Structures are given as C-alpha cells and as structure tokens.
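Have a look at the structure below before the remarks.
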Amino acid sequence: METFAVAMPGTQTESPAALPASAGADASAAAPSATAGAAADAAPGYRIGLMLPLRSEPLRVAAEAVRDGFLAAWERDRAGIAVTVIETGDAAQDVLATYGTALEQQDMIVGPLARSAVTAVAASPLVQKPTIALNHPDGRGETTLPAQMLVIGLSIEDEARQAANWAAREQPGAIAYILSNQAQYQRRSASAFAAQWQRLGRSAKTAEMMVLNGYLSDGEMVALRARLQSEPSALVFAALDPDQARQLRVALQAPPLGEIAVYGTSSLNPGKARQLPGPELDGVRLLDLPWQIQRDHPAVMVYPQTVGRDADMERLYALGIDAFRIAHEIARNAQHKQSADFKLDGVTGQLKVRFGDGPAVFERRVQPAVYKNGVPQPVQP
C-alpha cells in the first residue's frame, strides 16, 4: 500500500510527503503543503483515509481531481482531522487488500472511486467503519449496502429523474420524446428519465438516434420534425452531448414547428471553457452542479477554482469538496457518539445525509438552469 500523509499542526501522522500537482491544476491553491514536525505527544484527531486509484492509468486524472477537491476543503476546516491519501490501482483485489489494511489505521475511509471497486467493497464483509463511497455499485437499487457505507457518487440517472419531475411540473399533459444515441451514459440517462416519466403516469416515445462523425443523422432529424408536428403537446428530453443538442435545437426551431421545450442533464453543459456564445441553445433546460453554473454562490466562491480541467474533471473536483464536508460532519457526530442527520448547501447540490442509525441515506438535488446566449443560467424550477 502506497500512502502519503498530509500532516496538520497538533496531530500525529506518518512521515509526510509532498503532494504531486495535478496536470493543469493550480497546485498551490488546490493541494495544501504537508507540514513536518507534528508534536509527538499531540492528540491524533479523527483519522480519515482518502483511498483513490492514483496508480491506475485510466483513472489517475479523475482520482487527482477528487483528491485536490477533498484537500482544498480540508485546508479550510482542518482542525481535529488528519487526512492520509491512500493510493490504489484499479484491480478489485488490490482495492480490497488496501481497504482492509487502511481500516486498521483510519477511523473512516473515503473511497473507492471506481464503480467496480465500490461493488467489491460493498459485497465484502470488511465494511466495519464509516466508509463514504465516491461512486455507485453495480445493481444500484438492487444491492443492500452495508450499514457503515454511504454512497455519494455523482449520477446522471439522478439528474435525469429530476429533469423528468421538472418537465412534468412545467408541461402538464405533454408527451415526452426521449432522444439518445449509442453512448452508454446517454442510454442510462434516457432510461432513467423514461422510468421516472412512467412512474409519474405520463406518456413517452423513445428514439435512439444515429450519429455520424459526432452529429445526428439529418434524415432522422427530418423524421423527428414530422412526428412532432403531429403532436399537439410535446417536449423533448435530450440525452445528448452539447453539439448534438445544439443541432437538435436548431432543427426544432425551424418553421412550422412552434416552441418545443427541451430538457437535459449536465451532459448538455461542456463547461465554461467550451461554451459557445449564441442563441442556438437559448431556452434549453438542464440540471448541473452549482460548481458549474453558480460560480458566484457563497458555497462555491470559498474554494479555489481550478485551471485547465475539462467539465467532467471539474465535477469530480467538486465531488471531492463535498466528500470532505460530509466526512467532516459525520466525524464530528461520531466523536460525540451520535448518529448524523444533516443537510448541506453543497457545491454538487443540496445534500441530505443520514448516517449511523440504520441504513445510510443520501440525497442530492442538483441546480436547474436555462441556456441564455450560450451560457446556462441558474433558475428556480
């Protein structure tokens, strides 16, 4: 097990090592410096092990983003908390062995990050201390999680379900056209929206669009327009990427079609660096993290902004921030031998957590927004 500790004044810790800077990130802002020479007789504080696949080539950049966000939040509220960053690969057996060893040395584990690793840990008998998983296990909704495991991973499916609720409130009586293509995340998003729409007692039609060189088929767009013209009341859920959504929106706005409401998830937001000014997406509704669309929100402004990361890595950085805040609150309650039941105004959304009294509960409400001149603007649904 490769570990390095981030020491803090007044705590005991392993010999600290310098934090490596993430590619493209402002390391001086996002990763606090290790502090040597902690007092030998000081109280150790509450020990949190941040277990991430930093030795995995495919997952290293994502792991660095989570790590930097977690440590940025810890830097703001570090009193009484000792953090050790624990490196793993991506093999399930490696993760299980590392997790088992870490439990002997830590009071809480934050991680794993990979879905397969979370699945392996959740299915093992090892989870005997608070564990905050950063992804969802396979078979979500069908798997009984250990009582000591709280799952807080970002979820495009959750966003799609919230989009369905939003659309149902705004468009009573409308039939939903649910569009996606062959990308797995788009299929998951479309399926989640369709299931929630059905639970709400609403009618829907689904279509998996052909894509050529990243763009939707012109022939299928013509056919979609013809179908929408025959519907007196319709809306579109676009489980697409930003470029495909722009193409769709332009096609729908051409006469004789009237204004057709388009809803989507964070997949429609490419991030600030890639947003294109212009009216093509105006009126498109989506849901995303406050970190991405409410940069002036007080809960967002207090943390260092990163430079050079794409939108998905920005979201993982935000996940790291909220992971620490959740861990800190659970730790505070644990030190008083209390269960945790709290809400947080998080950078990934409005969070609700219950932990330590029966099965753990976690809910995240992301931020609704509407495109205006190429930029998603936060709104109240």
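The values are calculated or read from the model by the stated rules, or taken from the named source; none is laboratory data. Nothing here was measured: the structure is a model prediction, and the numbers come from that model. Neighbour counts run over all protein chains shown; Cβ positions are idealised from the backbone, glycine included. Keep in mind that these areas ignore ligands, DNA and RNA; they rest on the heavy atoms of the full protein, side chains included. Shrake-Rupley method; radii C 1.70, N 1.55, O 1.52, S 1.80 Å.
Considering only the chain, what is the antiparallel percent among its DSSP beta bridges, to the nearest 5?
Given both bridge residues lie in the chain, the antiparallel proportion sits at roughly 45 percent.
Assigning unit charges at the beta carbon (Lys, Arg +1; Asp, Glu -1) and nothing else, what dipole magnitude in debye, to the nearest 20, does the chain show about its Cα centre?
880 debye
What is the distance in Å between the Cα centres of the stretch 340-357 and the stretch 224-274?
34 Å
For the stretch 170-327, which whole percent of the accessible surface, found with a 1.4 angstrom probe, sits on carbon and sulfur atoms?
Percent of accessible area from carbon and sulfur atoms in the stretch 170-327: 54.
So how tilted is helix 92-105 from the main axis of the chain? Cα-based, degrees 0 to 90, rounded to 10.
It is inclined by approximately 40 degrees.
Once every Cα of the chain carries one equal point scatterer and solvent is ignored, give the base-10 log of I(q)/I(0) from the Debye formula at q = 0.08, 0.13, 0.15 Å⁻¹, two decimals.
-0.44, -1.04, -1.30
I'd like to check one number: the per residue accessible area of the stretch 202-249, probe 1.4 Å, reported in Å² as a whole number.
49 Å²
Can you give me the angle between helix 184-199 and the longest principal axis of the chain, using Cα atoms only, in degrees from 0 to 90, rounded to the nearest 10?
Between helix and principal axis, roughly 70 degrees.
Expressed as an acute angle from 0 to 90° and rounded to the nearest 10, what is the orientation of the C-alpha long axis of helix 242-253 relative to the principal long axis of the chain?
20 degrees
What ³J(HN,Hα) values, in whole Hz, does the Karplus curve 6.51 cos²θ - 1.76 cosθ + 1.60 give for the stretch 134-148 when θ = phi - 60°, with x put for Gly and Pro?
Result, ordered by residue: 9, 8, 9, x, 4, x, 4, x, 10, 9, 7, 7, x, 4, 8 Hz.
Lysine pairs, Cα distance under 30 Å, 8 or more residues apart or cross-chain: how many in the chain?
Count of close lysine pairs: 9.
From the mean inverse distance of alpha carbon pairs (Kirkwood) and the Cα radius of gyration, derive Rg over Rh for the stretch 65-105.
1.06
Could you give the Stokes-Einstein D for the stretch 73-228 in µm² per second, using the C-alpha Kirkwood radius, 10 °C, 1.306 mPa s?
The calculation lands on 85 µm²/s.
Put +1 on the Cβ of each Lys and Arg and -1 on the Cβ of each Asp and Glu in the stretch 89-204; which of Pro146, Ala192, Val121 then has its Cα farthest toward the positive end of the dipole?
Value: Ala192.
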